[in-house]
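Engineer: Structure provided below as structure tokens; questions to follow.
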Amino acid sequence: MRRRLYGAQSLKEMSAATVSYLHRSVEAGGSLDLESLVSELASCLNSLSENVASSASDDEHENDVTLNARDDEENDVIQVLDEILKFLSSPQIDQDVIDALSFELPKVISKFAGLSSRCLELAEAIVDRFVVACNPRDMLPVLCEALDAARVSLSLSSSSTPLLHGLCKVFISVRRRHYEQLKVAVPIVLNVLKDMSLEPDMQPEGLFDKALGIAVSIKDVASKLEKEEGTRVRCLLGLYLMQITAVLSVSIKDKLDSGVPLVIQLKPLLAYCGLTQLDVANDVNELQSNPMKRWLAYGMLKHILASGDLLWEFKRHTIDVLLEIVKGATPSQCNEEIDCFTSILKCLVSLSQAVTLVIMYAPDADLRKKTFETLKRIISDIPVPQRFDVLKALVTNSQSSTMRGILLDQVKNNMSTSSLQATDCDAHVSELVELVLKPPHGGPPLFPDQSDEVLAALNLYRFALLNNSRGGNGFLSKKTLERDYKGWLLPLRTIVSGSIAENQREKDHDQESSLEILCVLNRIESLLYWCIELVEERLKSH
């Protein structure tokens, strides 16, 4: 009881300090140390918030006394918020005062939003007042910072509500550089929504309402912009919509049917972004015939495949969508489209990386097989001049020897097409092979851990040598051949021979696993000798 009385007294004192600050600010006309006063107020409000949170955690067994005390706390908070709102609404307040308060108050005021509906109403009104009175370009980072800080809150859902509400209005109020501003804010919003989706008591409907409000605001911004920037904002909106669909799926978990009515509400927004074709139930002809729209769709779907929180059922559906699109895709042959493609090359690499993750971790063989087919078709859909760059990036960034081997096989398979031969990608083969046979971190490749990629690298090198000897473009100069011969092939022969001898001894001691390793090493040795012979023949001809 004494603790409760002390808490009540503290609340009254903090309320008095707040009111006193407001009066002093008005009367001083800016002559006082504004920064100190703002800091004092923020400190009082933070202490008030901590007191309320502490009291709530102590109320495990409610009775008349605790309920009355809670009502008193709520009334004190309402009094504080009401006084702040009145002060901010005063016509006598100077702009520099309200600007100074705007940097601190949204963050702390939002903490009271979950106390009651009246507290939420006042918190939203205070944030709205800042949005109206302050420069929206200043308010955008303020609200984003407050949202980011709210992620550690015990009640993220309630504390983020007034901030998201204010952010919707700020988006519309920004006058310049809309895309740049939104590009910074949207990832922060998505992080907040993702965190909320993981809260045990979070209802999908509440999460969806918050996400939808932001989406509608972004659409309103895009509709007022000129062609180029409007297109970029629409693209950003499309990415946001795909991501919140993924976030929502986490919230509804295995209750897929409950999410359908919510997702249906996104259809007008998806249509606005030109993404209605992302439903497999609809016609995909437009995406198949329009490379730029198709690549944009790839960029959106990658978020679902890359997420570690989603059910495999959602990823399976996404792979179905991708495969449906790429099966009938019309290859790009327009130079203008290829020029535009450069700007989204990183996005295509990210999608391909996400697809490789599905291949490696999919729970069943059918999904792995379907995903691999999708990856091959996506790679084939990339314009020829950029295709090798994507494959190179995938090989370089992959941490799995098996996947690197698969990707190197794709390099070889794409080299076999006349179109890719024309891009002089042979000139980069040595670079990829060196990445495997002479790793940048030093030392030779490790056996048996890197057997898959070594086998694929040697196979690629052999293919390039044979292809070149049949009238290729002469990419292997004498200098390059000598470097490969002395720098990779001969040292690798020594390593492989030693590994075979070691595993032979282990096999003789009834080591079953050594037999399997020995088979792989024998294949590598056979292919390695073939490459050595081809290089020696080429060197003789120089």
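The values are calculated or read from the model by the stated rules, or taken from the named source; none is laboratory data. If you're wondering where the values come from, they're calculated on a predicted model, not measured in any experiment. Areas reflect the complete protein model, heavy atoms only, side chains present, ligands, DNA and RNA absent. Shrake-Rupley method; radii C 1.70, N 1.55, O 1.52, S 1.80 Å.
Engineer: Suppose accessible area is computed on protein heavy atoms with a 1.4 Å probe; arrange VAL395, VAL152 from highest to lowest.
Structural biologist: VAL152, VAL395
Engineer: With a 1.4 Å probe and all protein chains kept in place, how much accessible area does HIS303 have, in Å² rounded to the nearest 10?
Structural biologist: About 60 Å², ignoring ligands and nucleic acids.
Engineer: If HIS165, HIS317, HIS178 are ordered by their accessible area, calculated over protein heavy atoms with a 1.4 Å probe, which sequence runs from highest to lowest?
Structural biologist: HIS317, HIS165, HIS178
Engineer: Per-residue accessible area for GLU533 at 1.4 Å probe radius, Å² rounded to 10?
Structural biologist: 100
Engineer: Can I ask one more? Eigenvalues of the Cα gyration tensor times 5, then square-rooted: what semi-axes does that give for the stretch 79-201, in whole angstrom, largest first?
Structural biologist: Largest first, the stretch 79-201 gives 22, 20, 10 Å.
Engineer: As a test of reading the structure, rank PHE130, PHE103, PHE463 by solvent-accessible area (1.4 Å probe, protein chains only), most first.
Structural biologist: Working: PHE130 0, PHE103 115, PHE463 35 Å².
In descending accessible area the options line up as PHE103, PHE463, PHE130.
Engineer: Got a number for the accessible area of ASP138? Probe 1.4 Å, square angstrom, nearest 10.
Structural biologist: It works out to around 70 Å².
Engineer: My understanding is that a pair violates if its Cα-Cα distance is over 31 Å; which of LYS219/LYS302; LYS210/LYS369; LYS302/LYS412 do that in this structure?
Structural biologist: LYS210/LYS369
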